[in-house]
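Taken together, the values in this text are just the output of simple stated rules run on the coordinates, not laboratory data. Computed from a predicted model, the values in this text were never measured in an experiment. Counting neighbours? That spans all protein chains shown, and the Cβs are built from the backbone with ideal geometry, glycine included.
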């Protein structure tokens, strides 16, 4: 038991380290309407840790990733903390999805994770744009007007458009993180003997157990 726990922590930390490296490398790209929002590949290892090793690994890798971003990330501590909450909401949503339905846990968890991420980040962005850095609202509104060819936005119209597009960004980023992780897990499932020391691939084990428990139709 202790050996498996040590291996779980080591693998989760390795995934978090990979996420931190991907965050540092120049692989991110801007969300065109709001350029300070950036897509990156760093969340994929966190979701991969969850699907391969289970909820504990997802939680551990998220926490270690946050600590690493506090050291190397930008806009510290606000930026890394918002990133941690975004990733944490996806991990929480996945966990709830598998709790509610082992058989359809991935689909349900992905939807819940996306919804929780959008909700949490909408609230945090409201606090940032209204109380902490209102100048970000002006920058975002000007960029939206230029990219979409709209008249200059101001006031409630500017705030509404920024919040809507920020929510869209988080939906797209959730998909960017979850879909590649799922495809990687499906690919690894075909590798003979993958993960025997950790009891196999967690997601596939849960799905197979749920299929065996479900009653067969005559």
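Compute the FRET efficiency between residue 188 and residue 150 as 1/(1 + (r/R0)^6), taking r as their Cβ-Cβ distance and R0 = 45 Å, and round to the nearest 0.05.
Approximately 0.50, to the nearest 0.05.
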Legend entry - Highest average packing first - 55-62, 72-79, 101-108, Cβ atoms within 10 Å: 55-62, 101-108, 72-79
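How big, on average over all directions, is the shadow cast by the Cα convex hull of the range 104-146, in nm²?
For the range 104-146, the mean projected area of the Cα convex hull comes to 3.7 nm².
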Inset, instruction - With springs only between Cα atoms under 10 Å apart, run a GNM on the chain and tell me which of 20, 181, 142 wobbles the most. - result: 142
Legend entry - Helix 55-72 vs. the chain, principal-axis angle (Cα, 0 to 90°, nearest 10): 40 degrees
Inset, instruction - Multiply the residue gap between residue 135 and residue 164 by 0.36 nm, knock off their C-alpha separation, and tell me the result in nm, one decimal place. - result: 8.7 nm
Legend entry - Kirkwood Rh and Cα Rg combined as Rg/Rh, the range 1-52: 1.17
Legend entry - Cα-based helix-to-principal-axis angle, 2-24 vs the chain, degrees rounded to 10: 30 degrees
Inset, instruction - Summarise the long-distance tail of P(r) for the range 90-186 by giving the % of C-alpha pairs beyond 21 Å. - result: 44 percent
Legend entry - Radius of gyration, Dmax [the chain; alpha carbons; angstrom]: 19.2, 64
Inset, instruction - Can you bin the range 1-127 into rounded, prolate or oblate? Criterion: square roots of the alpha carbon gyration tensor eigenvalues sorted a ≥ b ≥ c, rounded for a/c under 1.5, prolate for a/b above b/c, oblate for the rest. - result: oblate
Legend entry - Between helix 78-100 and the chain: long-axis angle, C-alpha atoms, 0 to 90°, nearest 10: 40 degrees
